[in-house]
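Notes follow once the structure below has been shown.
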Amino acid sequence: MQSQRQAVDFGYLPRRGRIILEATGASSRPDVNSGEHSARDTPREEQKVIPAPFDYHRPRTLDEAIALLAAHDEAARIVAGGHSLIPMMKLRLAAPEHLIDLQDVAELRRIGGDGPALVIGAMTSQQEVIASALLAAKCPILRETALQIADPQVRALGTIGGNVANGDPGNDMPAVMMALDAHYRVKGPDGAREVAARDFYLGSFDTALKPGEILTAIVIPAPPEGHGYAYEKQKRKIGDYATAAAAVILTVAQGRCTAASVALTNVAPTPLFVAASGQALVGTRFETSAVAEAVRHATTLAHPAADQRGPAEFRTHVAGVMVRRAIERAKARAA
Ligand code: FAD
């Protein structure tokens, strides 16, 4: 087949640089880390493993990075850990002309407290999240989730900011941030602002980040001491994205649920916050009917695509199983 190049709109082109997709009818949600995209969808002679040429920039401050992004506009792209972006570039699904690497921007790499909130800098690696005693004590679902992402090599470089800013519905942290009611701090040429995780995801690879903005930190209201939590993820093998996954945060007093939030990974074009599932639990003693109602709300909202992980009905069913397990485990952990 003759190689035909065309620009393909994944919904975020104007914001994040030019994406080129070989015109071969590839799926709209590229599963770049599975190896299945290139093998299945792209004729052998068109498979690429070398990124298109680009200029590499390594700013030392956030303001410098923002200025570089503004200077190169749509031709530029931020690179953090590179574990989502570089595979896309190797497959020529992304072809930024300027890569702005945030590795040397020290102000983006921190874990700390800000009053009752926890603040995690965007360039904090997933491994640093796992190793943080503060996060393990105050918000242990982050460690539990990070341990289920990919493998140690990916977690050593992959960042929490990249994971939540990427906009891939398969990323695990966004649903957890929704369940925790986290906010994202972003900064761009027009200044700084905060966006709730629950409002951030607009579509597959489409987020509320405006052109030129960089996600700088995640602010998490620390859940109350003794809260229950669980991240349940069904995957085909170690290192795989979820067939479906569920995050649950809840509090219990005298056996009765006083607050609950539920969110889902990889069962829609965006992570899903399922407000109705939490509401179905509040005020109950987790009776069978209450848990069934929470599961029902989650599976009603889920609308996964059929993919190599299974048909849509199966993945919806798995989402329900994950929600049920996460509620049970979170309840058992609540003091
Ligand atoms: P990058 O790849 O550098 O960037 C990703 C995107 O986010 C790019 O568009 C970039 O421009 C943008 N970006 C990055 N940082 C910022 C910022 N601060 N502000 C604005 N935009 C930014 N992830 C999971 O969640 N679960 C998995 O099971 C999983 N399995 C994986 C398996 C393999 C084999 C691999 C290679 C990756 C896997 N990942 C998985 C993805 C991994 O967690 C990535 O590291 C993560 O998704 C992106 O983080 P990053 O720092 O590597 O971002």
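None of the figures in this text is laboratory data; all of them are computed from the coordinates on show. Small disclaimer: the values here were computed from a predicted structure and weren't measured. Cβ: placed from backbone, ideal geometry, glycine included. Neighbour counts: every protein chain shown.
For the peptides 186-196, 324-334, the ranking by mean Cβ contacts within 10 Å, running from highest to lowest, is 324-334, 186-196.
What do you get for GluC sites (Glu not before Pro) in segment 245-317 restricted to DSSP loop and a cutoff of at most 13 other Cβ within 10 Å of the site's Cβ?
In loop regions of segment 245-317 (DSSP not H, G, I, E or B), the sparsely surrounded GluC sites (Glu not before Pro) are Glu287.
Amide H contacts of Ala196: Tyr184, each under 5 Å away and 5 or more positions distant or on a separate chain (H built 1.01 Å from N in the peptide plane; Pro and chain starts excluded).
Check cross-link reach from Lys237 to the lysines: straight Cα distance under 24 Å, and skip same-chain residues fewer than eight apart. The reachable lysines, counting only those whose Cα sits under 24 Å from Lys237, are Lys90. Taking the alpha-carbon distance from Lys187 and a cut-off under 28 Å, which lysines remain once sequence neighbours fewer than 8 residues away in the same chain are dropped? Correct list for Lys187: Lys138, Lys210.
Just check segment 191-287 against the gyration tensor rule for me: Cα atoms, a ≥ b ≥ c as the square roots of the eigenvalues, rounded for a/c under 1.5, and otherwise prolate or oblate depending on whether a/b exceeds b/c.
oblate
Compactness of segment 67-156, taken as the C-alpha radius of gyration over 2.2 N^0.38 Å, stands at 1.27.
Among Ala52, Ala179, Ala244, the largest mean-square fluctuation in a Gaussian network model of the chain, built with springs joining Cα atoms closer than 10 Å, belongs to Ala52. Rank Phe286, Phe54, Phe200 by mean-square fluctuation in a GNM of the chain with C-alpha springs under 10 angstrom and give only the top-ranked residue. Most flexible of the set in this elastic network: Phe54.
For segment 106-221, just list the percent of Cα-Cα distances falling in each 10 Å bin from zero outward, please. Once binned at 10 Å, the Cα pair distances of segment 106-221 give 15, 51, 31, 3.
Please rank Thr258, Thr216, fewest neighbouring Cβ atoms within 10 Å first, as an exposure proxy. Can you show the working numbers first?
Details: Thr258 15, Thr216 23.
Lowest count first: Thr258, Thr216.
Percent of Cα-Cα pairs more than 30 Å apart in the chain, please. Before the final figure, lay out each step's value.
Details: 19246 of 55945 pairs.
In whole percent, the long-distance tail amounts to 34.
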